[in-house]
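Step one of this worksheet: look at the structure below.
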Amino acid sequence: MKKGKIASIIVAAGYSSRMGSFKPLLKFGTHTVVETVINTHRNAGVEDIILVVGHRGSEITERLKHSGVVCVVNENYSQGMYSSVVKGVEALDDDIETFFMQPVDIPLVKKHTLELLKNKYHECGTGILYPTFFGKQGHPPLIDCKYKHAIVNGDGERGLKRLLESFSHDALCVPVLDEAILMDMDTQEDYEKLLSYFHRDAPSRKECYAILNYYNVPDHIVKHCIKVARISMDILNNLKGSGYELDDAALEAAALLHDVVRREKNHAQTGAMILKEIGYGYVGHIISTHTDIEVDEHEKITENEILYLADKLSKEDQFMLLEERLQQCLTVYSDDLEALRKIKKRYDAAEKIMKKIKKIPGKGFMYG
């Protein structure tokens, strides 16, 4: 098992000509793009970070002068990205064993993705690791320092990707749960899409399916999750225009993922923890109450309550009225008094949520 130091090389030397604005200093929230990328690598446990700058490099280095990041200037940045890659590799300390190669214009790669690649590298011994999302290869690759010499002495005509293809015998594709590995930022339209992605506190629908695949969720449970998501969104859409500002992205993701580890004990809490580790704490919070919930009949309806109710209205991938499901459960567990007590409590909570919806002026409950 490898245990050497890992570094990150972040390349931010280009002109940003297609963007029309200088990409590294655009904003995601309160941080610039380049700060966002640096923070992600730091949060993933990478301490040695090299930033290669060129065009308007002094503006970046001034902003980062107290950051502890090593800024390397590529005077030949006009020659293309490969010249910046070489500058970054030449700046690596001798005790670095492997490094991420991260273009600044693929800025929203997640901490969890970097951690997956690091862990895989430590356990597999492969020299080049690529993150993939549904089979598509993205950034950043993790490259063993045994390829430093080949990179520094490469002619650059084919770029880093083509050079690394020469070592495909020592490469591994690592499936990740992160669509952002494929999301670059070349144009203003790209930036706006990334801003929208940045502001949603939930995995995309594709990322939800990637998470279900990663945890080997059986088809019948996936179908149940899809049904619960549809019912949840029906309920949410029915509430629109009634003074509710519910998070539809977080609710849909929570519904799609609420049974991601259904076969495990305390699966609601375990599922919540998984989502929190991936970086979606609020989605995890919604998932955490889908088996048991306390309903305040005087407060507004929450995403947690909608998911809870939708789950109780779904028998696998079929809609079923609460009364029918309750009778089925009572029949199955007729000899288990403790189970019957829990079942009754859970269905009482679902009934309370239904009553809250029915009390909203102008809104009924579309499921009977």
Being without any contact (Cβ under 8 Å) to a residue 60 or more places away in the chain and in contact with a His (Cβ under 6 Å, 6 or more places away or on another chain), is that true of even one residue in region 309-318?
-> no
Could you list all residues from region 212-228 that are crowded, with 21+ Cβ neighbours inside 10 Å, among the hydrophobic types (A, V, I, L, M, F, W, C) and either in contact with a Phe, Trp or Tyr (Cβ under 9 Å, 6 or more places away or on another chain) or touching a residue at least 60 places away in the same chain (Cβ under 8 Å) (or both)?
-> VAL228
So which pairs qualify, if the first residue must be in region 340-361 and over 16 Å from GLU323 (Cα atoms), the second must be modelled with pLDDT under 90 and among the aliphatic types (A, V, I, L, M), the Cβ gap must be under 8 Å, and the two must be at least 6 apart or on different chains?
-> ILE357/LEU239; ILE360/LEU239
Could you check how many residues of region 268-302 are within 20 Å of the chain's Cα centre (by Cα) and either assigned to a helix (DSSP H, G or I) or of a type in the set (A, V, I, L, M) (or both)?
-> 19
From the residues in region 182-205 that are among the basic types (Lys, Arg) and farther than 17 Å from ILE274 by Cα, which one is modelled with the lowest pLDDT?
-> ARG200
Flag for LEU309 being open to solvent by less than 40 Å² (accessible area, probe 1.4 Å), out of contact with any Leu (no Cβ under 6 Å at 6 or more places or on another chain), at pLDDT 95 or above and within 28 Å of ALA180 (Cβ to Cβ) | no
Taking GLU299 as the residue in question, decide whether it is touching a residue at least 40 places away in the same chain (Cβ under 8 Å) and either surrounded by fewer than 17 Cβ atoms within 10 Å (Cβ to Cβ) or not acidic (Asp, Glu) (or both).
-> no
Yes or no: ALA210 of a type in the set (A, V, I, L, M, F, W, C), at pLDDT 95 or above and under 30 Å from MET101 (Cβ atoms)?
-> yes
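The values are calculated or read from the model by the stated rules, or taken from the named source; none is laboratory data. It should be emphasised that the depicted structure is a prediction, and the values quoted were computed from it without experimental measurement. Counting neighbours? That spans all protein chains shown, and the Cβs are built from the backbone with ideal geometry, glycine included. For accessibility, only protein heavy atoms count, side chains too; no ligands or nucleic acids. Shrake-Rupley method; radii C 1.70, N 1.55, O 1.52, S 1.80 Å.
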